[in-house]
Ligand SMILES: Nc1ncnc2c1ncn2[C@@H]1O[C@H](COP(=O)(O)OP(=O)(O)OP(=O)(O)O)[C@@H](O)[C@H]1O
Ligand SMILES: [Mg+2]
């Protein structure tokens, strides 16, 4: 087993920089997810770790050893791709054992490892089938089996679930997490799906435009987003972001651009009068007959909870209520805000206010 470090890593394609100085420290046995919008450089970073892409500057270390100029096959990693990449003319058994055969592992040893991986993944009964005779989820499991038999120092996954339907994706999510709990192999997993990141990771790295915006545990990122980008990216439905400023006289009052007053707790006195963005997660808006009055724009019952868009002053707020709400668009609804869960960001820099 081994930890992984990225130190000041950069990558340009021609003159075009796509990775702009990335530092990430991954502990031995950790499950780390790189998440961010399309094109932010997640796959490039993973491919650099795998040795499939060279590094323009900086250092990548696996188990303390600099691997910058090491060939992929000498890095002791195994990668699982989105499109499985199974050999169609080989059975499940042959697909899983192929890399061992290439490495000239003894036949008995190879068979033992394939059997072990098949057992873990519930593929024992499918070993003689061909990929075309498998479901999408089973193929994805074979692709994982191919990585497991190699018993690598590090597993790399690049969006392994995005070809699966929604239900299977949820099931496989739990399976991969369970697999990691069992094997405890250092894992770096790429996805653009923040829910996948939140549910599976020990640690999330939020990327944007070739830089790391924030690194933290799922709940750290949710509860203390370092900036507007992370606040908006993590969480669904998304955080409400309202422009305005803190009352120059009163640090517990935020005045929106249209003059509505919203409650704040714990704002530093130094922020009085400053231009800020008020970040409010939908679940911290509560039904309260004595509260602020808004107008319902859209109401979406999900059964479990009610999603609702409420026009309050000049802002459309996403709300999520645990209660069922018996009302129609156009009607009034009164709400309160749990001020202890409000996030304040500097309007100009986008950084979270501290203090
Ligand atoms: N071989 C290449 N030559 C030139 N530009 C490239 C090459 N590969 C990737 N890029 C560019 O680098 C940037 C990052 O690409 P990358 O594939 O790492 O993004 P990503 O975060 O994995 O996105 P997605 O979620 O869509 O998979 C993109 O702007 C992409 O166009
Ligand atoms: Mg990608």
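Within the option set 215, 206, being within 16 Å of ligand 1 (Cβ to nearest atom), within 21 Å of residue 10 (Cα to Cα) and not in a loop (DSSP other than H, G, I, E, B) holds for one residue only, 206. Would you call residue 100 in contact (Cβ under 8 Å) with a residue 40 or more places away in the chain, within 16 Å of ligand 2 (Cβ to nearest atom) and part of a helix (DSSP H, G or I)? Judged against the criteria, residue 100 is not a match. Scanning the stretch 266-296 for residues being over 22 Å from residue 236 (Cα atoms) and touching a helix residue (DSSP H, G or I) at 6+ places or on another chain (Cβ under 7 Å) gives a total of 0.
Is it the case that residue 246 is touching a strand residue (DSSP E or B) at 6+ places or on another chain (Cβ under 7 Å), touching a residue at least 40 places away in the same chain (Cβ under 8 Å) and in the same structural domain as residue 340 (by TED's automatic domain parsing)? Spelling it out, residue 246 is indeed touching a strand residue (DSSP E or B) at 6+ places or on another chain (Cβ under 7 Å), touching a residue at least 40 places away in the same chain (Cβ under 8 Å) and in the same structural domain as residue 340 (by TED's automatic domain parsing). Scanning the stretch 320-343 for residues that are within 19 Å of residue 244 (Cβ to Cβ), surrounded by 16 or more Cβ atoms within 10 Å (Cβ to Cβ) and touching a helix residue (DSSP H, G or I) at 6+ places or on another chain (Cβ under 9 Å) gives 337, 339, 342, 343.
Residues in the stretch 36-58 that are in contact with a strand residue (DSSP E or B) (Cβ under 9 Å, 6 or more places away or on another chain), within 11 Å of ligand 2 (Cβ to nearest atom) and not in a helix (DSSP H, G or I): 5 in all. Candidates 108, 143: the one that is buried (at least 19 other Cβ atoms within 10 Å of the Cβ) and modelled with pLDDT of 90 or more is 143.
Quick grid of which residues meet (1) surrounded by 14 or more Cβ atoms within 10 Å (Cβ to Cβ); (2) closer than 29 Å to residue 221 by Cβ; (3) touching a helix residue (DSSP H, G or I) at 6+ places or on another chain (Cβ under 6 Å):
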residue	(1), (2), (3)
12	no, yes, no
34	yes, yes, yes
38	no, yes, no
69	no, no, no
80	yes, yes, yes
91	yes, no, no
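Looking at this structure, is residue 148 touching a residue at least 60 places away in the same chain (Cβ under 8 Å), assigned by TED's automatic domain parsing to the domain that holds residue 29, under 26 Å from residue 188 (Cα atoms) and out of contact with any strand residue (DSSP E or B) (no Cβ under 9 Å at 6 or more places or on another chain)? No.
Among the residues making up the stretch 180-194, those that are more than 10 Å from ligand 1 (Cβ to nearest atom), in contact with a strand residue (DSSP E or B) (Cβ under 7 Å, 6 or more places away or on another chain) and not in a loop (DSSP other than H, G, I, E, B) are 180, 186, 187, 188, 189, 194. One residue stands out in the stretch 59-74 among those that are outside any strand (DSSP E or B) and free of Cβ contacts under 8 Å to residues at least 60 places away in the same chain: the one that is nearest to ligand 1 (Cβ to nearest atom), namely 72. Of the candidates 4, 9, the single residue that is within 23 Å of residue 199 (Cβ to Cβ), more than 16 Å from ligand 2 (Cβ to nearest atom) and either touching a strand residue (DSSP E or B) at 6+ places or on another chain (Cβ under 9 Å) or in contact (Cβ under 8 Å) with a residue 12 or more places away in the chain (or both) is 4.
In the stretch 168-191, the residues that are touching a residue at least 40 places away in the same chain (Cβ under 8 Å) reach residues that are assigned to a helix (DSSP H, G or I) and within 16 Å of ligand 1 (Cβ to nearest atom) with C-beta atoms within less than 7 angstrom, at least six apart or across chains, in these pairs: 188/46; 188/49; 190/42; 190/43; 190/46; 191/197. In the set (1) in a helix (DSSP H, G or I); (2) at pLDDT below 95; (3) within 13 Å of ligand 2 (Cβ to nearest atom), residue 82 fails one condition alone, (1).
The values are calculated or read from the model by the stated rules, or taken from the named source; none is laboratory data. Values in this document were obtained by computation on a predicted structure and should not be read as measured data. Every residue, glycine as well, gets a Cβ built from its backbone with ideal geometry; the counts of neighbours run over all protein chains shown.
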